[in-house]
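Read through the structure below, which is laid out as structure tokens, and then see the notes.
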Amino acid sequence: MGSSADTQVFLRSVRLFRNVEGPELGILADSLRERALKRGQVLLREGDAGDEMFLVRSGSLVISKAVTGRVEQVLARVGPGDFFGEMALFDRSPRSATISADNDAVLLVLDRAALAKLTEVSPRAAAAFFESLVLIFIERLRASGDLVAEVTRWGLEATGLDVESR
């Protein structure tokens with residue numbers, strides 16, 4: 001288990017926490033707990049309930065989604081500094097994907113109760129965290145919009161319904 005000081009040093013290298021000031025970063029570091037995973041271990045399954053977000057401290061994980069029957073599509077691999085599961089902090093909808101350890105990994109976990117406490121104890125730390133999170137959400141949303149447009153174009157081309165090429 002790393003110390004709060006070690007965690008702060010790590011958090012400084014993570015884009016999500018780049019705009020969080022020193023004292024607030026300490027409060028945030030104290031709000032996180034560590035969870036270790038062994039290679040192949042499933043952290044959570046698509047459809048599970050949850051109220052935590054995860055930050056990868058070391059190792060890597062695979063994010064996958066059921067496509068049909070027993071077929072799973074790997075959506076992404078995440079490594080140190082990446083985070084996922086943040087939607088669970090704000091809504092109570094089921095997990096949207098399955099996450100498993102690609103190799104041994106250590107995660108930092110922030111749950112809804114710790115976030116509520118952080119907001120109460122240090123509104124400045126919470127505001128800095130929320131601002132960074134929103135900026136990354138916007139970036140991800142734009143990227144997914146671009147992906148939808150690209151996949152739609154591929155579909156139109158594949159079916160011969162690409163009207164621009166005529």
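Laboratory data are not the source of any read-out in this text; all were calculated from the coordinates shown. Model, not experiment: these values are computed from the prediction. FYI the Cβ positions are ideal-geometry reconstructions off the backbone, even for glycines, and counts take in every protein chain you see.
The Rg/Rh ratio for segment 4-165 is 1.05, where Rg is the radius of gyration of the alpha carbons and Rh is the Kirkwood radius. Taking the Cα centre of the chain as the origin, how large is its charge dipole in debye, to the nearest 20, when only Lys and Arg (+1) and Asp and Glu (-1) carry charge on their Cβ atoms? Approximately 280 debye in magnitude. Each 10 Å bin from zero holds the following percent of Cα-Cα pairs in segment 11-90: 14, 45, 30, 9, 2.
The distance separating the Cα centre of segment 85-156 from that of segment 36-74 comes to 14 Å.
Here the sum of -39500 (n - 2.57) over DSSP H runs of 4 or more residues, divided by the residues of the chain, equals -13500 deg cm²/dmol at 222 nm, to the nearest 500. What helices in the chain pass both tests, a Cα length along the helix axis of 20 Å or more and a mean Kyte hydropathy of -0.5 or higher, using whole DSSP H runs? Sorted by number, the helices that extend far enough and score high enough are 123-159. Placing R0 at 25 angstrom, the Cβ-Cβ distance between ASP51 and PHE137 gives a FRET efficiency of 0.90 after rounding to 0.05.
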